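A short write-up of the structure that comes next.
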Amino acid sequence: MNIVIVGASGTVGSAVSELLAKDHQVIRVGHSRGDARVDMRDPASIKALFAQVGPFDALVVASGSVAFNGLTEMTDEQWQVGIQSKLMGQINLTRAAIPYLNDKGSITLISGILSEEPINWGVSASTVNGAIDHFVKAAACELPRGLRINAVSPTMLEESMDKYADFFPGFVPVPAAKVAQAYKRSVMGIQTGQVFRVNG
Ligand SMILES: NC(=O)c1ccc[n+]([C@@H]2O[C@H](COP(=O)([O-])OP(=O)(O)OC[C@H]3O[C@@H](n4cnc5c(N)ncnc54)[C@H](OP(=O)(O)O)[C@@H]3O)[C@@H](O)[C@H]2O)c1
């Protein structure tokens, strides 16, 4: 299988790339490094990516930013970060990938536990993650040619505890390798419209 991995250099993406590269041809895509580059906030950049890569079997996304702040402190600009990057970035990657995906190919997006378990300062992440979970449910019903779409929704990663542990009190982290297995289940399996939750 030819698998395009957006965010391949990241904490989630490097574990997914390592696992899938054992049995497949992976094209590692990043913002500043990789086999190819994209800015997922920019639809023109996304279109240029797929024109460069050509036909492939699976799109895997392990990138997308959100801003963290209190509900009453979040600025318009901070709301736009999550909407333009993690939400519309993944939706636009999905839309642009469809013509390039081979029949019965798949798309795997990333959401996160905050859609189900809010934390302080996480209102944008909860909103965006919930939207991704609902997007895959609806998009799965309309995808042509046997294409499938799922989301992986992890809790905090062990590898990210330095950055996030203070924001996730009482959450049990999971290793990135376990999250990578959920991606593998989505890419190699038969399910569609699903949210694969990876909890500690
Ligand atoms: N880490 C966690 O604990 C955790 C838990 C649940 C959900 N998530 C979600 O998982 C996703 C990835 O998180 P992470 O911790 O793995 O992030 P990360 O380590 O910061 O990696 C981010 C990746 O995204 C790429 N990227 C950055 N800006 C981009 C842009 N504008 N367009 C395209 N690609 C871009 C980076 O590429 P370059 O290196 O080339 O710049 C890098 O490969 C996020 O949506 C996050 O919310 C993470």
Applying the selection to segment 167-192, what residues are open to solvent by less than 40 Å² (accessible area, probe 1.4 Å) and either at pLDDT below 95 or more than 14 Å from the chain's Cα centre (by Cα) (or both)?
Phe168, Pro173, Val174, Gly189
Quick check: is even one residue across segment 119-129 part of a strand (DSSP E or B) and open to solvent by less than 50 Å² (accessible area, probe 1.4 Å)?
yes
Report the residue count in segment 7-45 for those that are more than 6 Å from the ligand (Cβ to nearest atom), among the β-branched types (Val, Ile, Thr) and open to solvent by less than 30 Å² (accessible area, probe 1.4 Å).
3
Single match in Val187, Val128, Val172, Val179 (criterion: free of Cβ contacts under 8 Å to residues at least 60 places away in the same chain and either over 27 Å from Phe68 (Cα atoms) or aliphatic (A, V, I, L, M) (or both))
Val172
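For (1) under 14 Å from the mean Cα position of the chain (by Cα); (2) more than 15 Å from Leu59 (Cα to Cα), each residue gets a yes or a no:
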| site | (1), (2) |
| --- | --- |
| Glu117 | no, yes |
| Gly122 | no, yes |
| His134 | yes, yes |
| Ala139 | no, no |
Considering segment 57-97 alone, what residues qualify as being surrounded by fewer than 19 Cβ atoms within 10 Å (Cβ to Cβ), assigned to a strand (DSSP E or B) and of a type outside the set (S, T, N, Q)?
Asp57
If you scan segment 137-166, which residues turn out to be among the polar types (S, T, N, Q), within 8 Å of the ligand (Cβ to nearest atom) and either crowded, with 20+ Cβ neighbours inside 10 Å or within 13 Å of Ile110 (Cα to Cα) (or both)?
Ser153, Thr155
Can you name every residue in segment 160-200 that is part of a loop (DSSP other than H, G, I, E, B) and among the small types (Gly, Ala, Ser)?
Gly170, Gly189, Gly193, Gly200
Condition met for Gly82 (over 24 Å from Ala15 (Cα atoms) and either more than 16 Å from the chain's Cα centre (by Cα) or near the ligand (Cβ under 10 Å from one of its atoms) (or both))
no
Just name the residue that is most open to solvent (accessible area, probe 1.4 Å) out of those in segment 107-118 that are among the hydroxyl-bearing types (Ser, Thr, Tyr) and not in a loop (DSSP other than H, G, I, E, B).
Ser115
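The values are calculated or read from the model by the stated rules, or taken from the named source; none is laboratory data. Small disclaimer: the values here were computed from a predicted structure and weren't measured. Positions of Cβ are backbone-derived with ideal geometry, glycine not excepted, and every protein chain shown enters the neighbour counts. Side chains included, ligands, DNA and RNA excluded: accessible areas come from the protein's heavy atoms. Shrake-Rupley method; radii C 1.70, N 1.55, O 1.52, S 1.80 Å.
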